Amino acid sequence: MSLTTGHGPLARDAADRNFVIDGPKHSIHFEPHPRRVRAELDGRTVLDTRDGFLLHETGIRPVLYIPIGDVDQALLERTDHVTHCPFKGDASYWSVRVGERVAENAVWGYETPTDTAPWLKGYVALYWDRMDRWLEEDEEVHGQLRDPYHRVDVRRSSRPVEIGLRDGGQLVARDENPLLLFETGIVTRAYLPPALLTLEPSQKRTICPYKGTATYWSVRAGDELLADAAWSYDDPLPGMEPIAGLVCVDHEQLEVRIA
């Protein structure tokens, strides 16, 4: 399970349990991340750390915090931007400049954190999408760092799946032997052969750190065209090969019934 999302022990909607965690409803867990992590901008290494921590915070994906000394100080430019977190304090910001490239307000840190999070002092975090490239050890990481408490499993199933319009509307597709994907904190997803749906290409792309780069499709159901209502992974990450080329649909736009 994830610590802070879904039904994890520090999540807002924690699962039933026979123990009590003594603490506030909004919890923070600061855990060592014993892997070398690097980030690059325009070919320059902005950070290189072996002493990072993952901050797990209720309802939020984990964020990597690193000692500020592990960031190339020559690239940092302090800005006037400030944000406030009631659980961590006031955050100061820095931009990262490499030649003509500037990643504005890409780095933040709590120079004077709250009394309940004193261990954040001396640590900073970077917005993932403002760097060009991230490496964990010597492997490039796409999307974001993986949560060590998050897992994804794919299983072949004989439970039929039906996909229809919302509120019991027209049946769009049915598969007797779907692949079911079980992901921490996320509703069970069914992956089906694309031929079962009427699909039109979309320009949208997203990156999942567990599955890879998703290509999106609009789904036509009768006279309706549901924009970006399905996605597929043509070249999924290792371990996710079974879903390659199969299609999953958006549960908010289509009703998915798994027997």
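Can you pull out the strands (runs of 3 or more DSSP E) entirely within region 208-251 that have at least 1 residues that are among the hydroxyl-bearing types (Ser, Thr, Tyr) and under 18 Å from the mean Cα position of the chain (by Cα)?
Those strands (runs of 3 or more DSSP E) span 212-221, 224-232.
Of all residues in region 188-236, which are of a type in the set (A, V, I, L, M, F, W, C) and in contact (Cβ under 8 Å) with a residue 60 or more places away in the chain?
Ala190, Ile207, Cys208 - these are the residues of region 188-236 that are of a type in the set (A, V, I, L, M, F, W, C) and in contact (Cβ under 8 Å) with a residue 60 or more places away in the chain.
For Asp175, state whether it is of a type in the set (Asp, Glu), modelled with pLDDT of 95 or more and surrounded by fewer than 17 Cβ atoms within 10 Å (Cβ to Cβ).
Against the criterion (of a type in the set (Asp, Glu), modelled with pLDDT of 95 or more and surrounded by fewer than 17 Cβ atoms within 10 Å (Cβ to Cβ)), Asp175 does not qualify.
Test of understanding: among Ala106, Ala125, Ala91, Ala74, which residue is modelled with pLDDT of 95 or more, outside any loop (DSSP other than H, G, I, E, B) and in contact with a helix residue (DSSP H, G or I) (Cβ under 6 Å, 6 or more places away or on another chain)?
When all the criteria are applied, what remains is Ala106.
The values are calculated or read from the model by the stated rules, or taken from the named source; none is laboratory data. For clarity, every value in this text was computed on a predicted model and none was experimentally measured. Ideal geometry is used to build each Cβ from the backbone, glycine not excepted, and the neighbour counts take in all protein chains shown.
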